[in-house]
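Asks: Take a look at the following structure, please.
The values are calculated or read from the model by the stated rules, or taken from the named source; none is laboratory data. Just so it is clear, the structure is predicted and the values come from calculations on it, not from any experiment. A quick note on method: Cβ atoms are made from the backbone with ideal geometry, for glycine too, and the neighbour counts reach across all protein chains shown.
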Amino acid sequence: MSIENRVEEIKEDLDFFEDELQKYEYLIDLGKKLEPLDETYQIPVNLVHGCTSQVWLICENKDGVLHFKGTSDAIIVKGLVYMILQIFSNSSIEELQEVDMDIVHELKLAEVITPNRQSGVIGMIKKIKEYALKA
Amino acid sequence: MFKKDFPYFKNSNIVYLDNGATTQKPQSVIDSQVEYYEKYCANTHRSNFGDANKATTNYEGARKILKEFINASQNEEIVFTKGVSESINFIASSYASKFETVIISSLEHHSNIVPWHMQGRSLGKGLEVVRCDENLSFDFEHFEEILKANANAFVSITHISNAFGKVHNIKEITRLAHEYGAIVLIDGAQSLAHLRVDMQDIDADFFAISAHKTFGPTGVGAIYIKNTHLKDVGAYQTGGATIHEVDFNSSTLLDSPYKFEAGTQNIAGVIGFASALEYLNKVGYENIEAIEKDVYTYLDSELQKIPDIEFYNDISDSVGSRSFNIKGIVHDDIGILVDKMKIALRVGHHCAQPIMKELGIKGTIRVSLAFYNDYNDVDELIKALNRALKMLKD
């Protein structure tokens, strides 16, 4: 599935909730589903800039397809990490290199998260692009 | 009871508990600024037509109101600035840079730490930090040790910790510092919103004041400079309205306060600040202190009921702000959720990273009150905190 299609899917999920707090409950649930990231990866080099909470993101290249893992110390942010990984993990290097940062606005995350947190999401996407450009 | 005086509370359904960051503005403060812009907008201290004279009169009237409000001895001791950060940077650069040692406390805001780093000072090299105990109380013994080892130092200490609400005994700090020949600046950013300050009683050499944390406009503050130091403080910035005479060879400056207020000032802001002080005079500090103590004590007792809550100081010698964490919960999560439940508070390091590092935490959840907050605000906060905790723990 293309990144655009995955964004569309997540958007539909988020649009389902009319009440903002329900969206957060959903994010918290997503955070709980996030696979744990080994503590040896929770080091400064893997930190995402722009997040008020700590977010770590790592990348594995399997035959030109990038797989990401990540986590955060905050539960809601873990949910955001889960969402971002759902969208971007398991994508080709070429597709990731061309990711448009405006994708965040597609998700209408501004309604869900604060400006600070949104810049954190942008930080995560930037880090993903960095990994793709270096791959 | 006093919320009716503040338009924000008519227009917003937010429970506002971020007064340590900025306070709401009473109608009279807003009106006085609008009146200036609508009815007599002109520059001060320059032109001589009617509106210009009125603007100058009101601007200088504000200086007198602030002078009387803090019981300074003369108008010349009051210099308007952009705020406390500028006040501290001004004195750091124009007066304190020549001092071999600067002494600060552990509870300082970054605005009373970074200016000293900018002078090339670091811990043990021109900068000393007074320890606090496990209740965040100022360690007077350590302070005296530092004063003994560093004669004629410059002491720059906050009155009230913005992060924890802890109140320093600034009168005693000043007395002890003076005994060792030190000069004292007090960061009073959080002071005027909660406590009456009296320059004759405190006896500090400099006292930095914020308007926007005192129910006045943003972008305005002041520095009180004791008259004995007026001649020794150099100009910070120069330009319009600071000079006596200029030719292409040299300039001679006016006396204080004019030599310190270069360029067109925030005239509307200063006039608005005076209105805020007049409003506070009407409310009275007896009322402010009594209401705050009552609501602060209620806040503390209700917070204490939350399981696994962790505080860093008790409420003795504290006003306004109450800082805490909840075991196993990252404060950012709480901040996001209570915001969506219409509670305005602050989570994070509150521009006081060094003390957070000493305490081994990244930050806290800070509830900061003003005299317009009431029991209902506290009840709404507690409801929201409990709901957020349920969401995060379930």
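Asks: Please determine, by comparing only the residues of the range B:133-160 that are out of contact with any His (no Cβ under 8 Å at 6 or more places or on another chain) and touching a residue at least 60 places away in the same chain (Cβ under 8 Å), which one is farthest from residue B:210 (Cα to Cα).
Replies: It comes out as B:135.
Asks: Return the residue satisfying two criteria in turn: it lies in the range B:335-354 and is over 18 Å from the mean Cα position of the chain (by Cα) and touching a residue at least 40 places away in the same chain (Cβ under 8 Å), and of such residues it is farthest from residue B:113 (Cα to Cα).
Replies: Among residues in the range B:335-354 that are over 18 Å from the mean Cα position of the chain (by Cα) and touching a residue at least 40 places away in the same chain (Cβ under 8 Å), the one farthest from residue B:113 (Cα to Cα) is B:341.
Asks: Report, ordered by the first and then the second residue, all pairs with beta carbons closer than 7 Å, sequence separation of six or more or different chains, a first member in the range B:169-182 that is touching a residue at least 60 places away in the same chain (Cβ under 8 Å), and a second member that is loosely packed, with under 13 Cβ neighbours inside 10 Å.
Replies: What qualifies is B:182/B:152.
Asks: Suppose we keep only residues that are away from chain A (no Cβ under 13 Å) and farther than 17 Å from residue B:22 by Cα within the range B:355-369. Which one would you say is surrounded by the fewest Cβ atoms within 10 Å (Cβ to Cβ)?
Replies: Only one residue tops the list, namely B:360.
Asks: Now for a separate question. Regarding the range A:88-100, can at least one residue be identified that is more than 14 Å from chain B (Cβ to nearest Cβ), closer than 27 Å to residue B:340 by Cβ and assigned to a strand (DSSP E or B)?
Replies: Scanning the range A:88-100, I find no residue that is more than 14 Å from chain B (Cβ to nearest Cβ), closer than 27 Å to residue B:340 by Cβ and assigned to a strand (DSSP E or B), so the answer is no.
Asks: Go through B:162, B:135, B:152 for me and flag whichever is assigned by TED's automatic domain parsing to the domain that holds residue B:235 and within 17 Å of the chain's Cα centre (by Cα).
Replies: B:162
Asks: If you take just the helices (runs of 4 or more DSSP H) that sit entirely in the range B:1-78, which of them hold at least 3 residues that are in contact with a strand residue (DSSP E or B) (Cβ under 7 Å, 6 or more places away or on another chain)?
Replies: In the range B:1-78, B:50-69 are the helices (runs of 4 or more DSSP H) which contain 3 or more residues that are in contact with a strand residue (DSSP E or B) (Cβ under 7 Å, 6 or more places away or on another chain).
Asks: Please verify whether residue B:62 is in contact with a Cys (Cβ under 8 Å, 6 or more places away or on another chain), at pLDDT 95 or above and under 19 Å from residue B:217 (Cα atoms), treating the condition exactly as stated.
Replies: Answer is no for this residue.
Asks: Could you grab me the full set of residues in the range A:54-74 that are within 14 Å of chain B (Cβ to nearest Cβ) and more than 12 Å from the chain's Cα centre (by Cα)?
Replies: A:54, A:73, A:74
Asks: Sticking with this structure for a sec: So which pairs qualify, if the first residue must be in the range B:311-334 and free of Cβ contacts under 8 Å to residues at least 40 places away in the same chain, the second must be part of a loop (DSSP other than H, G, I, E, B), the Cβ gap must be under 6 Å, and the two must be at least 6 apart or on different chains?
Replies: B:327/B:308; B:330/A:73; B:330/A:74; B:331/B:363; B:332/A:52; B:332/A:53; B:332/A:74
Asks: Could you say which residue among B:187, B:247, B:255, B:203 is surrounded by fewer than 20 Cβ atoms within 10 Å (Cβ to Cβ) and farther than 30 Å from residue B:47 by Cα?
Replies: Only one candidate qualifies: B:203.
Asks: Also: Show me the strands (runs of 3 or more DSSP E) entirely contained within the range B:215-285 in which 2 or more residues are in contact with a strand residue (DSSP E or B) (Cβ under 7 Å, 6 or more places away or on another chain) and over 26 Å from residue B:21 (Cα atoms).
Replies: Qualifying strands (runs of 3 or more DSSP E): B:243-246, B:251-253.
Asks: Quick check on the range B:304-354: of everything there that is part of a helix (DSSP H, G or I) and surrounded by fewer than 20 Cβ atoms within 10 Å (Cβ to Cβ), which residue is nearest to the other protein chains (Cβ to nearest Cβ)?
Replies: B:340
Asks: Please specify each residue of the range A:1-53 satisfying the condition of being modelled with pLDDT of 90 or more, more than 14 Å from every other protein chain (Cβ to nearest Cβ) and not in a loop (DSSP other than H, G, I, E, B).
Replies: Within the range A:1-53, A:33, A:39, A:40, A:41, A:44, A:45, A:46 qualify.
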